[in-house]
Amino acid sequence: MKIFCLLATFFSVATAAELLQTNLIDLKPTQKIIGLASAEKIYTDKFKDVTTVEELDQLLNTGNSFKAAKGPKSEIYLTDGHHRIVAALKTLNRICQNQFQQSKQEQDYKQCLSKMKVNLSIDNDYSKLNKENFYLKLFSDGNCFISKTLRANNKSLAKKHFAKKIEKELPNSFAELSDYPLRSALGDFFYTLKEKVKGEHFENYFEFLLAETIEDEVSIKSGEEFTTVSQEAIFQSLFKNEKKIKNFRCLARKNSPHWELAQRSIDAAIEELSLRYKKKIQLYKVTTKECLTPITSNFIDQPRMVPNSTAENHFSK
């Protein structure tokens, strides 16, 4: 009987995520950067022809709810799906601007914006924490993405100062997000593979973390994210040596089956890319034990590749 009660308690806790709806415009981001080209691609593919709030609601809220956290004052912080939300916000603004132009009443525009709700799964409730502990918990739970410099200083700074820096770094709204073109380029790089490298099997913000390992070598400007030259530059840098490949592999979630599925998808990606670029790449297998110590990536001594339409192809055949 006791065992049954314990199991019942476990499953009730495991499925205790709160489901709710909130205004789309009231969501707060938990990262400072985004791949704007990726968000624009989602907009073009999914939302460009949407003309009403009702249509947008149907598209946005069909399927799984967006993951979010509840912060102080019960404000809602999105923890996953920033690119899709940016695309949805662009759509909502376009719809409401058209309505405002017709009515000439600013109040109608504001009412239109507030009509759009989004379905959320509140996986973490931090609403009872003060602001300082909220930001510390948000970071320690892996529910926000801050700059590499700030992450590196998290042990040396006093908790109070670290929390304030997180608060200062995170935008108050999605309109304040900054563009990180390399994130868009990496997303497209994996999307074109037959065997998809799915983010669900990797650590949170895996594409941002992976981009950091090559950003000192590959410089991609806005508008160049999806060019052939940019994609080749990513390939050359991402799979150039054992250290890089193992760094990639160590971004997989360590628990099964995520670890096995992530490693399998990387194997398939390497084989496909070897054929595509006519360059043999070693698999360089790695164990979870090896990944307990982070593989650092310091490429200061490496040349920086700036892709452009006339760039030389550096691939060895």
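Summed over the stretch 180-229, residues that are in a helix (DSSP H, G or I), closer than 25 Å to Ser140 by Cα and acidic (Asp, Glu) total 3.
Scan the stretch 63-78 for residues that are in a helix (DSSP H, G or I) and touching a helix residue (DSSP H, G or I) at 6+ places or on another chain (Cβ under 7 Å) and jot them down. Passing the criteria: only Pro72.
Among the residues making up the stretch 225-240, a single one is of a type in the set (Asp, Glu) and either over 18 Å from the mean Cα position of the chain (by Cα) or surrounded by fewer than 19 Cβ atoms within 10 Å (Cβ to Cβ) (or both): Glu232. Quick check, is Lys243 in the same structural domain as Phe145 (by TED's automatic domain parsing), over 23 Å from Lys67 (Cα atoms), among the basic types (Lys, Arg) and surrounded by 14 or more Cβ atoms within 10 Å (Cβ to Cβ)? When the stated conditions are applied, Lys243 does not pass them. For the stretch 182-224, filtering for residues that are basic (Lys, Arg), under 18 Å from the mean Cα position of the chain (by Cα) and modelled with pLDDT of 95 or more leaves 1.
Ala158 meets each of the listed conditions (1) modelled with pLDDT under 95; (2) farther than 20 Å from Ile34 by Cα apart from (1). Residues that are basic (Lys, Arg) and either at pLDDT below 95 or surrounded by 21 or more Cβ atoms within 10 Å (Cβ to Cβ) (or both) are absent from the stretch 22-45 altogether. Residues that are of a type in the set (D, E, K, R), modelled with pLDDT of 90 or more and either more than 16 Å from Val53 (Cβ to Cβ) or not assigned by TED's automatic domain parsing to the domain that holds Asp80 (or both) within the stretch 99-126 comprise Asp123, Asp125, listed in sequence order.
Among the residues of the stretch 100-111, the ones that are part of a loop (DSSP other than H, G, I, E, B) and either among the charged types (D, E, K, R) or under 16 Å from Lys70 (Cβ atoms) (or both) come to 1 in all. Residues that are in contact with a strand residue (DSSP E or B) (Cβ under 8 Å, 6 or more places away or on another chain) and of a type in the set (S, T, N, Q) were ranked within the stretch 112-137; the one that is farthest from Lys70 (Cα to Cα) is Ser114.
The listed residues are Lys280, Lys243, and the only one of them that is assigned to a loop (DSSP other than H, G, I, E, B) and either over 18 Å from the mean Cα position of the chain (by Cα) or not small (Gly, Ala, Ser) (or both) turns out to be Lys280.
Evaluate the following for Ser237: is it of a type in the set (S, T, N, Q) and not in a loop (DSSP other than H, G, I, E, B)? Judged against the criteria, Ser237 is a match. Being closer than 21 Å to Gly35 by Cβ, of a type in the set (Val, Ile, Thr) and either in contact (Cβ under 8 Å) with a residue 24 or more places away in the chain or crowded, with 18+ Cβ neighbours inside 10 Å (or both) is a property that does not hold for Val286.
Of all residues in the stretch 130-161, exactly one satisfies the criterion of being surrounded by 17 or more Cβ atoms within 10 Å (Cβ to Cβ), out of contact with any helix residue (DSSP H, G or I) (no Cβ under 7 Å at 6 or more places or on another chain) and without any contact (Cβ under 8 Å) to a residue 40 or more places away in the chain, namely Lys137. The residue list Phe239, Phe248, Phe235 contains one member that is under 18 Å from Phe206 (Cα atoms), free of Cβ contacts under 8 Å to residues at least 40 places away in the same chain and of a type in the set (Phe, Trp, Tyr), which is Phe248. Among the residues of the stretch 46-62, count how many are assigned to a loop (DSSP other than H, G, I, E, B) and surrounded by fewer than 19 Cβ atoms within 10 Å (Cβ to Cβ). The qualifying residues number 6.
The values are calculated or read from the model by the stated rules, or taken from the named source; none is laboratory data. Keep in mind it's a predicted model, so treat the numbers as computed, not measured. All Cβ positions, even for glycine, are placed from backbone atoms using ideal geometry, and neighbour counts span all protein chains on display.
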